[in-house]
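Comments concern the structure below.
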């Protein structure tokens, strides 16, 4: 080799993720404590910013490492999200079931949500059971999924109602039998804070690539569909539905049953998520992850804005009603907060041809008897995007070029 000077570009020092709390997520996983000071301990929260932060806790990719499963999920997360994403993790014994990890009556995922101080927007569960675990297959998957969905919805509602910190939960469709027709239709449930992923990057897996899905969510803005093609293919080389490559699997039926899975496009390289459905009816306003994230962000902004007025003195007219000037002031503050944190970020579906369209409307009826009730009702509405899920083209010949 000839003598030379070569300069290498370092990457990751600045972090490739925009400084926004919208992408703060959590991962609850089965794991094993690592001996030694400063090493990974169970039921202990950790905040990661890059994969190396996990390595410093004694977790490696070595297959003989009891935590190689956790490593793979965190690696998939950062492969997709990029360094800098804020990931909260907590490990629990692999003797617990997926449904245990999201049970609000237990100190599992609940502990992580509390430790994060309400910052988590999404929580994912990675479950790698011990050798004694025997899955009972019902509706083509481990039937523990259905208890997990019930518990996850209750957990997310608890975080919303008790902590004023709304989030949604991602679960794995584990031990898929391979019989797509036997899958239960998730739209028969009402779990609009629960999404279920079916599919992995390894043919031998009995779980799902939950870390990858979590990484895509952390990387994109709240209004974006995880399957948006213009966001480019996922950073993976292969994708499987059980032991079938996605290219030959019945992806359409899996999607129609309400599961999140992988798909490909003819003439376009790589793998994409199929859609962003949650386990609820098609008529539910919050059936998609994008809609869920959008309304949850509006919730957080409204809460932090209106809490400033809590227990404040409220002027009253001679008729015992709210003073219109005060009402307009409150409405303006809420709308301004939404505009500054959502409209300006492109989170709302405003009409670009209408300069007056801000995508938000706050209304307070001044004819409220707050003296006797102590209560003020506020109506807040935000404008979502539409999504181009189906594009129909009429193609034919012309004989005259007009």
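Values in this text are rule-based calculations from the coordinates and carry no lab data. Note that the structure is a prediction, hence the values are computed from the model and not measured. As a convention, Cβ positions derive from the backbone with ideal geometry for all residues, glycine included, and neighbour counts pool all protein chains shown.
So what's the back-of-envelope 222 nm ellipticity for the chain, counting only DSSP H runs of four-plus at -39500 (n - 2.57) apiece and dividing by all residues, rounded to 500? If you can, show how the numbers build up before the last one.
Values: 10 runs with 103 residues, N = 402.
So the helix-based figure for the chain works out to -7500 deg cm²/dmol.
Based on the mean of other beta carbon atoms within 10 Å per residue, what is the order of 314-322, 122-130, most packed first?
The peptides rank, most packed first, as 122-130, 314-322.
Only Cα pairs under 8 Å and at least 6 apart count here; give the relative contact order of the chain as a rounded whole percent.
Computed over the chain, the figure is 13 percent.
With angles folded into 0 to 90 degrees, how steeply does helix 144-163 sit against the dominant principal axis of the chain? Use alpha carbons for both and round to 10.
Taking the Cα atoms of the chain, the angle to 144-163 is about 40 degrees.
Report Rg(Cα)/(2.2 N^0.38 Å) for region 21-277, keeping two decimals.
Cα Rg divided by the expected 2.2 N^0.38 Å: 0.93.
Of all the Cα-Cα pairs you can form in region 135-239, what percent are over 21 Å apart? Walk me through the numbers before you get to the answer.
Working: 2382 of 5460 pairs.
Tail fraction, whole percent: 44.
Can you tell me the 0 to 90 degree angle between the C-alpha axis of helix 324-338 and the longest principal axis of the chain, rounded to 10?
20 degrees
Can you give the angle from 0 to 90° between the axis of helix 210-219 and the longest principal axis of the chain, with both taken from C-alpha atoms, to the nearest 10?
The answer is roughly 40 degrees.
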